[in-house]
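> Let me begin by handing over the structure; questions about it come next.
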Amino acid sequence: MTSMPVLHLATCGSVDDGKSTLIGRLLYDAGLVATDHLTELARDSRGRPVGPEGLDFSLLLDGLAAEREQGITIDVAYRYFTTAKRRVIVADAPGHEQYTRNMATAASGSDAALILVDARKGLVAQSRRHASILSLMGIRHVALVVNKMDLAGYSETKFRRIADEFQSFLARLNMAGVVAIPAAATTGANVVHRSPHMAWHRGPTLLEWIDAAPGAANARARPFRMPVQWVNRANADFRGLCGTVAAGSIRPGAVVAAARSGRVTTVARIVTMGGDLTEAAAGQAVTLLLQDDLDIGRGDMLFDPAAPPDTADHIAANLIWFSDNELSAGRSYSMRVGTDLVAAEVTALKCQLSVDTLEQRAASALGANDIGVCNLATAYPISFDSYAESRQLGSFILIDQKSRETVAAGMIESALRRATNLVWHEFDVNRERRAAQKAQRPAIVWFTGLSGAGKSTIANLVERHLHGLGRHTFVLDGDNIRHGLSKDLGFTDADRAENVRRVANVARLMAEAGLVVLVALISPTRLEREMAREIADDVDFLEIFVDAPLAVCEERDPRGLYSKARHGQIAHFTGVDSPYEPPEAPQLHLRTDRHDAQTCVAEVVAMLSKMRI
């Protein structure tokens with residue numbers, strides 16, 4: 001028996017336009033509300049604005065106590081029902097402007113959408129904003145429901161005026177499949193049954209439109225993609241790559257490639273809790289065992305090498321900004337794309353989209369609920385399909401590195417080709433030959449910790465010791481870097497991230513010259529240090545945590561920087577008004593409040609000697 005098709009449906013509109021009441025009425029008139037729910041609904045409807053049946057149908061969707069008290073939708077409410085022709089999953093999105101992020105969440109997983117407007121008010125800014133977001137989210141099939149027609153005298157003239165204005169607006173958003181429906185959610189007019197008060201309407205009822213709306217495209221027909229969620233090492237002989245197949249299908253024996261390395265292998269087994277499969281398709285969570293033991297981890301992607309995804313470290317994207325803190329170009333964020341988490345910087349804010357006129361206008365920042373077009377650079381190349389090709393593999397979120405707040409949702413338009421057009425040129429005299437000439441193994445030794453913890457002191461003494469052994473070294477010190485390479489940078493979060501990026505790239509080049517590079521840099525966040533490790537690529541990267549309590553660091557401070565920060569003379573000072581994230585698993589943890597410098601140096605030298613650096 002063939003399963004019924006599924007429609008993921010988002011409902012949106014301005015606050016109090018009646019979205020929850022409309023869907024509740026649909027469920028009631030279609031006979032989709034269980035008897036015990038009707039009894040509960042009748043009890044909860046007492047004392048509330050109700051329809052002819054004495055029921056407040058919005059209560060079927062508004063589940064939060066705060067929503068019921070205020071009569072509005074705050075969170076996204078989901079409802080599942082089955083018509084005679086299909087299964088429907090409704091995401092009822094909130095109408096308040098401050099909950100635009102919730103509306104975007106509802107739209108991101110939907111195939112079609114309802115946009116409600118109040119027949120008495122007509123179009124409002126929030127109606128246009130929601131339409132713009134639906135367009136960015138790739139939704140092309142929309143029903144414009146002009147609600148509360150009973151309160152507008154069932155006027156065909158008012159309906160036509162609103163429908164024509166909105167049709168014109170949506171046409172500029174490439175929404176060709178727009179249907180306008182006059183309705184009255186409270187009375188049920190044109191929801192399931194046609195209304196004698198609007199005999200002039202020749203189009204579908206809401207239920208008829210839902211049954212006819214196109215569903216999702218067949219993801220199975222697209223080339224194979226599977227972002228790696230987790231590496232399962234059940235035992236010494238088992239190494240499985242866990243994830244959900246995002247597109248296409250896969251069988252044992254099929255050839256796959258890994259996005260980060262480009263290495264190609266074949267699938268040996270497809271493992272699930274219920275046993276091995278002979279085939280897995282889009283939407284299935286599986287564990288793949290590969291013929292070869294490749295270096296693949298979380299955030300990587302397996303794909304069909306005959307149809308590879310895009311790979312780039314510079315992309316063009318549309319952004320919906322959620323945060324009350326403005327977006328400005330140059331700041332670094334964490335980007336969650338697929339199963340990967342990568343440092344990303346907004347390199348250019350190209351324009352802001354006016355939700356009223358759809359005009360693109362110049363902008364230097366984005367505020368809450370603004371929509372913009374921007375360029376982003378990532379710390380290393382990411383693999384993706386454009387949002388137009390795959391909503392799952394072309395979408396991302398931006399996360400504030402300090403507060404961990406989700407500040408934006410993004411849709412990738414295209415790669416800017418910086419990563420694919422530029423290649424790392426290999427020369428005859430390479431890193432190995434330069435290192436052999438020096439009789440040493442190059443590496444980047446990254447000392448991180450608070451100001452005053454002893455990073456520069458220990459790096460200096462380690463270099464003296466290595467120099468005495470005939471090793472070729474160089475120290476990149478945070479203060480020294482600020483005199484030249486990073487002279488143009490301040491101490492904001494964005495500037496600190498850029499400083500780390502620059503230093504890491506210089507350290508990588510010095511390691512290519514065959515040197516042992518000692519970096520003494522506060523580098524306060526784990527994400528920044530992970531970015532430095534990614535930039536180092538295949539160069540040995542050793543993270544050393546130089547640790548001392550804040551009080552000890554303040555006591556040692558010879559330049560009085562902590563005192564100045566405490567008195568507001570220095571802003572964004574790590575440990576005072578800017579946080580420091582200690583490493584979770586450093587190669588070495590030095591407690592400089594418990595051991596003298598020589599003891600710490602001996603630990604570093606012993607580790608380097610053990611690694612033959």
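> Which number in (1) free of Cβ contacts under 8 Å to residues at least 24 places away in the same chain; (2) touching a helix residue (DSSP H, G or I) at 6+ places or on another chain (Cβ under 7 Å); (3) hydroxyl-bearing (S, T, Y) marks the one condition that S249 misses?
Evaluating S249 over (1) free of Cβ contacts under 8 Å to residues at least 24 places away in the same chain; (2) touching a helix residue (DSSP H, G or I) at 6+ places or on another chain (Cβ under 7 Å); (3) hydroxyl-bearing (S, T, Y) leaves (1) as the failure.
> Additional query: On the given criteria, is A247 over 30 Å from L55 (Cα atoms), of a type in the set (A, V, I, L, M, F, W, C) and touching a Ser or Thr at 6+ places or on another chain (Cβ under 7 Å)?
yes
> Follow-up. Name the residue, out of E530, E554, E584, that is touching a Phe, Trp or Tyr at 6+ places or on another chain (Cβ under 6 Å) and either in a helix (DSSP H, G or I) or within 20 Å of I444 (Cα to Cα) (or both).
E554
> May I pose another question? Conditions first: (1) surrounded by 16 or more Cβ atoms within 10 Å (Cβ to Cβ); (2) more than 37 Å from the chain's Cα centre (by Cα); (3) modelled with pLDDT of 90 or more. D596 passes all but one, so which condition is the exception?
Every condition holds for D596 apart from (1).
Conditions tested, residue by residue: (1) out of contact with any Asp or Glu (no Cβ under 9 Å at 6 or more places or on another chain); (2) surrounded by fewer than 19 Cβ atoms within 10 Å (Cβ to Cβ); (3) modelled with pLDDT under 95.
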| residue | (1), (2), (3) |
| --- | --- |
| Q229 | yes, yes, yes |
| N232 | yes, yes, yes |
| N235 | yes, yes, yes |
| F238 | yes, yes, yes |
| A247 | no, no, yes |
| A258 | no, no, yes |
| S261 | no, yes, yes |
| V271 | yes, no, yes |
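> Being among the acidic types (D, E) and under 27 Å from N430 (Cβ atoms) is the filter; apply it to the range 529-556 and report the residue that is nearest to the chain's Cα centre (by Cα).
The residue in question is E530.
> Can you give me the number of residues within the range 141-176 that are within 13 Å of N190 (Cβ to Cβ) and touching a Pro at 6+ places or on another chain (Cβ under 6 Å)?
Total meeting the criteria: 3.
> All but one of (1) under 15 Å from D17 (Cβ atoms); (2) over 36 Å from the mean Cα position of the chain (by Cα) hold for A143; which doesn't?
(2)
> Shifting gears a bit: From the list A113, A131, pick out the single residue that is outside any helix (DSSP H, G or I), buried (at least 22 other Cβ atoms within 10 Å of the Cβ) and assigned by TED's automatic domain parsing to the domain that holds K19.
On inspection, the qualifying residue turns out to be A113.
> Out of L518, L561, which single residue is on the phi < 0 side of the Ramachandran plot, at pLDDT 90 or above and crowded, with 17+ Cβ neighbours inside 10 Å?
L518
> With D293, D304, D310 as the choices, which residue is under 19 Å from the mean Cα position of the chain (by Cα) and among the charged types (D, E, K, R)?
Going through D293, D304, D310 in turn, the sole match is D310.
> Does the range 536-546 contain at least one residue that is farther than 21 Å from R482 by Cα, touching a strand residue (DSSP E or B) at 6+ places or on another chain (Cβ under 7 Å), buried (at least 22 other Cβ atoms within 10 Å of the Cβ) and of a type in the set (V, I, T)?
Yes, the range 536-546 has at least one match.
> For the range 232-260, name all the residues that are within 23 Å of the chain's Cα centre (by Cα) and either within 12 Å of D293 (Cα to Cα) or outside any strand (DSSP E or B) (or both).
Of everything in the range 232-260, those that are within 23 Å of the chain's Cα centre (by Cα) and either within 12 Å of D293 (Cα to Cα) or outside any strand (DSSP E or B) (or both) turn out to be L241, V245, A246, G248, A258, A259, R260.
> Okay, moving on. Can you tell me which condition F166 does not meet? The list is (1) part of a loop (DSSP other than H, G, I, E, B); (2) within 39 Å of the chain's Cα centre (by Cα), and all the others hold.
Condition (1) is where F166 drops out.
> So A125 passes all but one of these: (1) touching a residue at least 12 places away in the same chain (Cβ under 8 Å); (2) surrounded by fewer than 24 Cβ atoms within 10 Å (Cβ to Cβ); (3) closer than 15 Å to A183 by Cβ. Which condition number does it fail?
So A125 meets the others, but not (3).
> Let me confirm something: among N480, N505, which residue is under 21 Å from C553 (Cβ atoms), surrounded by fewer than 20 Cβ atoms within 10 Å (Cβ to Cβ) and either outside the structural domain of V601 (by TED's automatic domain parsing) or of a type outside the set (F, W, Y) (or both)?
Among N480, N505, only N480 is under 21 Å from C553 (Cβ atoms), surrounded by fewer than 20 Cβ atoms within 10 Å (Cβ to Cβ) and either outside the structural domain of V601 (by TED's automatic domain parsing) or of a type outside the set (F, W, Y) (or both).
> Would you say V605 is part of a helix (DSSP H, G or I), surrounded by fewer than 18 Cβ atoms within 10 Å (Cβ to Cβ), touching a His at 6+ places or on another chain (Cβ under 7 Å) and not assigned by TED's automatic domain parsing to the domain that holds P381?
yes
> Restricting to the range 496-527, give me the number of residues that are part of a loop (DSSP other than H, G, I, E, B) and farther than 17 Å from G484 by Cα.
7
> Go through (1) surrounded by 19 or more Cβ atoms within 10 Å (Cβ to Cβ); (2) over 31 Å from the mean Cα position of the chain (by Cα); (3) modelled with pLDDT under 70 for P52 and report which single condition fails.
It is condition (1) that P52 fails.
The values are calculated or read from the model by the stated rules, or taken from the named source; none is laboratory data. What you are looking at is a predicted structure, and each value in this text was computed from that prediction instead of being measured. We place every Cβ from the backbone using ideal geometry, glycine too, and count neighbours over all the protein chains shown.
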